[in-house]
Amino acid sequence: MRSALRFRTPNPHLGAYLGIITSAFISLSILLALLEQMGWSEAAIAPILILAPVVLAVVIAVRVRTETPEDYFACGRRVPAFYNGVAMAATLIGGIGFFAYAGAVFFLGFDGLAIGLGWSFGMLAGTVLFSGYLRKSGAYTVPSFLGHRFQSTTVRLTAACLLLVPVILLLAAEMKIVGVIAALFLPIPYWICVLVAGAVIAAIVILGGLRALTWTGNAQFVIGAVAFAVPLVIVSVLLTVLPTPQLTYGERFDPLTRAEINAGIMSKVPSGISDALPGDAPQASDKPFAQSFGAIGSGGFFLLFLAVALGTAALPSVLIRSGATLSVAEQRFAGAWAVLFVALFVISVPAAALFAKVIMFHGLSQIDPNTLPNWMNQLVARGLLIAQDANSSGGLQASELLILRDGVMVSLPILSRLPLVCAVIVAAGGISVALAAAGAHLFTLGASLADDIYQLADQRIRPESRFIDLPHHIIVWGVMGTLSFATALFLAVIGDIDVLQAALTALAFLGATFFPVLLLSIWWERFTRSGALFAMATGCGTMVIELLFRGALEDGQVGTATALASVIGALLATGAGVAVSLWDTPPSAAELGYFDALRDPDGESIYDEAKARIQAAAASGNGARS
Amino acid sequence: MEELGAHARYWRDTLILAAALLGAILLIGMVLIFGVESFNQYRFFRFPFGFYLIAQGLVLAIAAGGFWYARVQQRLDEELSESGEF
């Protein structure tokens with residue numbers, strides 16, 4: 001007998017709330033722009049504009065705080081597809097996309113697009129291959145899904161442990177970017193910014209779990225989208241008359257090529273198999289924007305695209321949102337929305353990068369190095385740019401202009417001589433999106449520690465606690481959250497990581513370790529638990545070998561070699577999984593039953609049905625006893 | 001060939017849909033990536049055409065593919081549900 005879908009109503013005013021938040025942010029920006037014209041200084045404007053979205057997020061989190069496990073881990077399974085898609089896109093793009101990816105496209109031009117393409121395709125692949133089935137499973141975390149699929153705590157614990165490494169890397173990267181960008185505009189040192197960011201995301205996650213993340217993530221993504229679009233549209237109008245940068249930046253290609261030739265940027269030849277991505281120290285731009293495969297060869301481009309796509313498809317922080325929608329079909333639409341938002345972001349980034357480059361290099365050789373123009377002085381004062389006439393030629397060359405990769409998006413409004421408030425808007429929006437992504441990664445870590453590791457241990461002691469009950473676990477959860485948060489803090493404050501490289505390493509690791517095991521467990525019924533264990537071990541092992549050899553082989557830089565290792569790891573892991581499964585005894589009836597239930601698109605999620613069954617049995621058992 | 005049950009048919013169509021969509025995009029992606037230099041000889045709205053296809057054309061195709069997939073798969077789900085099997 002199948003249970004009917006429970007009736008769940010989403011809040012009908014969600015759209016209005018998002019509209020109010022958007023207009024409030026725009027009004028605040030306009031107000032501060034006016035105040036700037038009336039003489040307010042940056043010291044007054046920047047804190048208001050950057051802290052307002054943060055305070056808003058905390059207020060939302062307090063409003064939607066929850067203690068029921070279903071709300072906490074699955075947002076009550078009632079998020080409409082559109083809003084879940086927004087939150088998924090915010091998790092994927094994050095501060096890495098907003099600042100570091102834009103900077104990478106600025107330096108690499110065409111070659112940097114592999115990452116954005118990989119994100120879009122990976123999001124689609126995750127939707128098609130995993131998302132709907134995970135929704136049907138209803139497990140709160142990816143390791144929990146694997147554990148139920150194979151009826152094995154070993155698989156679940158292994159997956160949970162392997163998941164920690166890449167997700168901590170992503171969390172640390174997002175937190176670092178918050179600190180770096182906030183420290184540019186606020187009179188606070190970097191380490192305090194990181195600590196505050198950590199406290200904010202910990203508060204959001206502990207208060208309301210996935211529910212708080214969904215609604216703060218929506219607000220933060222909308223603010224980020226406005227902040228990304230407004231300066232870009234203004235610059236587009238200034239440069240190309242039309243307010244549609246994605247359609248009109250084409251006409252700036254020829255002026256850019258001329259400016260680049262005048263600034264001394266010559267076409268480049270890729271160095272070979274281990275082409276690296278731009279690092280986070282200020283560096284000179286040395287590749288023409290439109291040239292294809294100048295910094296990364298065509299094979300490397302494809303590998304990078306593939307590795308990012310595999311990692312994105314298996315990204316646990318995105319997949320953890322699979323349980324949050326009303327139904328399986330709804331979850332597929334949520335994925336489609338997420339792909340659309342990611343795609344809109346990805347097609348806008350090259351416009352921003354190209355505009356920044358066109359303005360920066362136009363007439364560069366006529367600039368007197370001793371009397372820099374005002375915009376350049378502003379960038380230099382903030383550490384976004386280093387300009388020095390190294391060869392004493394009396395003019396500036398592209399090679400004498402060292403640009404901060406993660407500061408390119410913030411530099412664009414300053415370059416374009418827009419009021420300073422525009423740069424602060426970009427920073428505020430980027431910080432918002434980065435906090436949304438960091439929160440999602442922290443939640444993924446915490447949920448895995450609580451539901452997969454602690455819950456299993458607890459079940460050993462108290463067999464009746466098969467399903468996590470939050471009031472009992474909240475203290476443990478807090479400890480776990482703090483632990484992972486402290487790790488990130490350590491990485492962000494003491495350890496120095498390059499955010500783009502950390503994110504790509506994490507994606508490469510996820511692609512090699514989790515993509516094959518998820519693919520086979522959902523799409524192949526003969527896949528067994530030893531197969532799953534071997535697949536994960538092979539993928540992880542390949543990446544560990546790559547990480548160990550990276551320092552020796554390619555100067556510690558992440559690039560196409562990492563991508564190659566990830567793709568090879570994924571292939572080896574798939575092969576190992578298939579071979580071991582075929583050699584192993586066939587899966588048990590319980591595993592096959594779970595596999596078949598995944599395929600039924602109707603009805604309640606498997607997790608909820610099992611929980612309801614057990615609760616009903618317990619209730620009737622109690623009734624018989626009394 | 002024997003008649004497939006509703007669920008087997010559903011599962012076969014689901015597999016074909018997923019493989020066709022992802023395979024097609026991957027194939028188009030490969031053609032565009034490895035052929036970008038020959039496309040770049042042409043101009044499209046003053047973009048180098050190869051650049052445009054990678055930066056926007058393929059990305060928008062992926063986004064459209066997502067919605068197309070969600071809709072077609074939903075129709076398959078509904079057919080299965082109406083068949084009453086399972």
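Starting from the residue with the highest accessible area, list B:Phe49, A:Phe301 in decreasing order, probe 1.4 Å.
In descending accessible area the options line up as B:Phe49, A:Phe301.
For A:Phe341, what accessible area in Å² do you get when you roll a 1.4 Å probe over the heavy atoms of the protein chains, rounding to the nearest 10?
Here the accessible area works out near 30 Å².
Using only Cα atoms and rounding to the nearest 10 degrees, what angle (0 to 90) does helix A:606-625 make with the longest principal axis of chain A?
The angle comes out near 40 degrees.
Once neighbouring chains are kept in place and the probe is 1.4 Å, which whole percent of the accessible area of the protein assembly as shown is contributed by carbon and sulfur?
On the protein assembly as shown, the fraction of accessible area on carbon and sulfur atoms equals 67 percent.
Per the Kirkwood treatment, what hydrodynamic radius in Å, one decimal, follows for segment B:14-83 from the mean inverse distance over all distinct Cα pairs?
For segment B:14-83, the Kirkwood estimate is 13.7 Å.
Report the gain in length on full extension from A:Ala617 to A:Leu592: 0.36 nm times residue separation, minus Cα-Cα distance, nm rounded to one decimal.
Roughly 6.6 nm would be gained on extension.
Averaged over peptide B:41-52, how many Cβ atoms belonging to another chain are found within 10 Å of each residue's Cβ?
Details: counts 0, 0, 2, 1, 5, 7, 9, 7, 1, 3, 10, 4.
Partner Cβ neighbours, averaged per residue: 4.
Among the aspartates and glutamates, which have Cα under 14 Å from the Cα of A:Lys176 when same-chain residues fewer than 8 positions away are ignored?
A:Asp280, A:Asp406, A:Asp496, A:Asp498
Quick check on the protein assembly as shown: of the DSSP beta bridges with both residues there, what percent are antiparallel, nearest 5%?
Of those bridges, close to 90 percent are antiparallel.
Could you work out how far helix A:14-37 tilts from the main Cα principal axis of chain A, as a 0 to 90 degree angle to the nearest 10?
20
Please calculate the 1.4 Å probe accessible area of A:His13, with all protein chains present, and give it to the nearest 10 Å².
100
Heavy atoms only, 1.4 Å probe, whole protein assembly: order A:Trp40, A:Trp523, A:Trp375 by accessible area, highest first.
Values: A:Trp40 110, A:Trp523 40, A:Trp375 20 Å².
The residues order as A:Trp40, A:Trp523, A:Trp375, largest area first.
Classify segment A:507-550 as rounded, prolate or oblate, taking a ≥ b ≥ c as the square roots of the eigenvalues of its Cα gyration tensor: rounded when a/c is under 1.5, otherwise prolate if a/b is larger than b/c and oblate if not.
oblate
Which value at 222 nm does chain B reach when only helices count, each DSSP H run of 4 or more adding -39,500 (n - 2.57), with the total divided by all residues and rounded to the nearest 500 deg cm²/dmol? Intermediate values should be presented prior to the final figure.
Details: 4 runs with 63 residues, N = 86.
So the calculated ellipticity at 222 nm is -24000 deg cm²/dmol.
In degrees between 0 and 90, to the nearest 10, how far off the longest principal axis of chain A does helix A:253-262 point, with axes built from Cα atoms?
Rounded to the nearest ten degrees, it is 60.
From other protein chains only, count the Cβ atoms within 10 Å of every residue's Cβ in A:129-136, then give the mean.
Mean partner shielding for this stretch: 1.
If you line up the Cα atoms of the protein assembly as shown on their principal axes, what length do they span on each, largest first, in Å?
91, 56, 48
Could you check the simple spin-label distance between B:Phe67 and A:Ile20, using points 7 Å along Cα→Cβ, in nm with one decimal?
Result: 2.9 nm between the two label points.
Please compute, for peptide A:342-352, the average count of beta-carbon atoms on other protein chains lying within 10 Å of each residue's beta-carbon.
What the average comes to for A:342-352 is 4.
Could you provide, to the nearest whole Å², the per residue accessible area of the protein assembly as shown with probe 1.4 Å?
Spelled out: the 1.4 Å probe surface of the protein assembly as shown, per residue, equals 36 Å².
Could you pull out every one of the lysines with an alpha carbon less than 20 Å from that of A:Lys268, ignoring same-chain neighbours closer than 8 positions?
Leaving aside lysines fewer than 8 places away in the same chain, those within reach of A:Lys268 are A:Lys287, A:Lys357.
Not counting ligands, DNA or RNA, and with a 1.4 Å probe, what is A:Asp280's accessible surface area in Å² rounded to the nearest 10?
50
Using protein heavy atoms only (no ligands, DNA or RNA), what is the total accessible area buried between A and B, 1.4 Å probe, nearest 100 Å²? Don't skip to the answer; put the middle values down first.
Working: alone 23130 and 6840 Å², together 25880 Å².
Summing both sides, the interface buries roughly 4100 Å².
Taking a 1.4 Å probe, which of A:Ile168, A:Ile234 shows the most accessible area, and what order do the others take after it? Show your work: numbers first, answer last.
Numbers: A:Ile168 35, A:Ile234 60 Å².
Reading off the accessible areas and sorting them downward yields A:Ile234, A:Ile168.
Based on a Kirkwood Rh over C-alpha pairs, give the Stokes-Einstein translational diffusion coefficient of segment A:290-372 at 25 °C and viscosity 0.890 mPa s in µm²/s.
Estimated diffusion coefficient is 146 µm²/s.
Just to verify a number: FRET efficiency for A:Asn370 and B:Leu27, C-beta to C-beta distance, R0 = 56 Å, to 0.05?
0.50
Looking at the calculated P(r) for segment A:206-331, what percent of the C-alpha pair distances fall above 26 Å? Display every interim value, and only then the final one.
Numbers: 4159 of 7875 pairs.
Beyond 26 Å sits 53 percent of the P(r) for segment A:206-331.
The values are calculated or read from the model by the stated rules, or taken from the named source; none is laboratory data. The shown structure was predicted, so the numbers you read here are calculated from the model rather than taken from an experiment. Note that each Cβ is placed from the backbone with ideal geometry, even for glycine, and that neighbours are counted across all protein chains shown. Quick note on the areas: whole protein, heavy atoms, side chains included, nothing else; ligands and nucleic acids left out. Shrake-Rupley method; radii C 1.70, N 1.55, O 1.52, S 1.80 Å.
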